[in-house]
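Q: Sharing a structure, written as structure tokens. Questions coming.
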Amino acid sequence: MPGNARVDTLVVRAIPELIHCGLGFNPAIKSYGLYDLHFLAKDVLPNITTLIVPHNIELSPANVDDWHRQGKRFVAEVGIDSQAKTMEDHLHYWAGFYEKAPFVDGIIINEFIINNPSQRAGMAISPERQKRTEEEQARYHLYEEAIQKMRADDRFSDKVLYAYFGGSGKS
């Protein structure tokens, strides 16, 4: 019967991760204003658990403490170091973000661009394309090794790590 429902007890056992990417990523149109904590406070911050932030953002200790006190996380957006040649280079690059911003609770590596145009079955692959494919696969093995080593390191055991594969539909 409508209007007669009543909830005496509500137990929430889990809250999904609700992510917003906006703090510090200001719009190109200046009249929109800044996407700062004041702007996000009313409608966004109460409804999320994780904020994706630029890797070089500076936040006051009070804001960081308040956010963490609520059980919420900051995740820094980082990329791939185009100069890195070894697994250790990649590991050092990604681990460095925790040293620069110790308040972050994880990183999102953006973007692992996968550029695999479709190809009809039976078509020959050019030697150039085959070489590019093999080089790309070798790079991904280095990324994988660096991520595995980072995940095994006790310094990062409480950190989250996301990888974003731009345009591929994978994440």
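The values are calculated or read from the model by the stated rules, or taken from the named source; none is laboratory data. Keep in mind the model is a prediction, meaning the values are calculated, not measured. Here Cβ is always computed from backbone atoms with ideal geometry, including for glycine, and neighbour counts include all displayed protein chains. Only protein heavy atoms, including side chains, enter the accessible area calculation; ligands, DNA and RNA are left aside. Shrake-Rupley method; radii C 1.70, N 1.55, O 1.52, S 1.80 Å.
Q: Could you work out which residue, out of GLY24, GLY33, GLY79, moves most in a Gaussian network model of the chain, that is, has the largest mean-square fluctuation with Cα springs under 10 Å?
A: GLY33
Q: Could you give the Stokes-Einstein D for segment 23-143 in µm² per second, using the C-alpha Kirkwood radius, 37 °C, 0.692 mPa s?
A: This corresponds to a translational diffusion coefficient of 187 µm²/s.
Q: Next question. How many nm is it between the label spots at SER60 and HIS92, if each spot is 7 Å from the Cα in line with the beta carbon?
A: Spacing of the two 7 Å Cα→Cβ label points: 3.7 nm.
Q: Here's another thing I want to ask about it. What does the extension gain come out to for SER157 and ASP36, with contour length at 0.36 nm per residue minus their alpha carbon separation?
A: The span from SER157 to ASP36 would gain 40.6 nm if fully extended.
Q: With every protein chain left in place, what is the accessible area per residue of segment 46-108 in square angstrom, probe 1.4 Å?
A: 51
Q: Per DSSP helix of 4 or more residues, -39500 (n - 2.57); summed, then divided by the residues of the chain. What does that give at 222 nm, rounded to the nearest 500?
A: -10000 deg cm²/dmol
Q: What are the lysines whose alpha-carbon lies under 21 Å from the alpha-carbon of LYS131, with same-chain residues fewer than 8 places away excluded?
A: LYS85
Q: Ranked from highest to lowest mean number of other Cβ atoms within 10 Å per residue, what is the order of the peptides 58-66, 89-97?
A: Packing proxy ranking, top to bottom: 89-97, 58-66.
Q: Please list, in chain and number order, the residues 5+ apart from GLY22 or on another chain whose amide H is under 5 Å from its amide H, with Hs placed from the backbone.
A: The list, which skips near neighbours in sequence, is ILE52.
Q: Hey, another quick one. Given a cut-off of under 8 Å on Cα pairs at least six residues apart, what relative contact order in percent is computed for the chain?
A: Across the chain, relative contact order equals 20 percent.
Q: Okay, moving on. Excluding same-chain residues fewer than 8 positions from LYS30, which lysines have a Cα within less than 25 Å of its Cα?
A: LYS30 reaches LYS42.
Q: Please compute the alpha carbon radius of gyration of segment 3-69, then divide it by the globular-protein estimate 2.2 N^0.38 Å. Two decimals is fine.
A: 1.50
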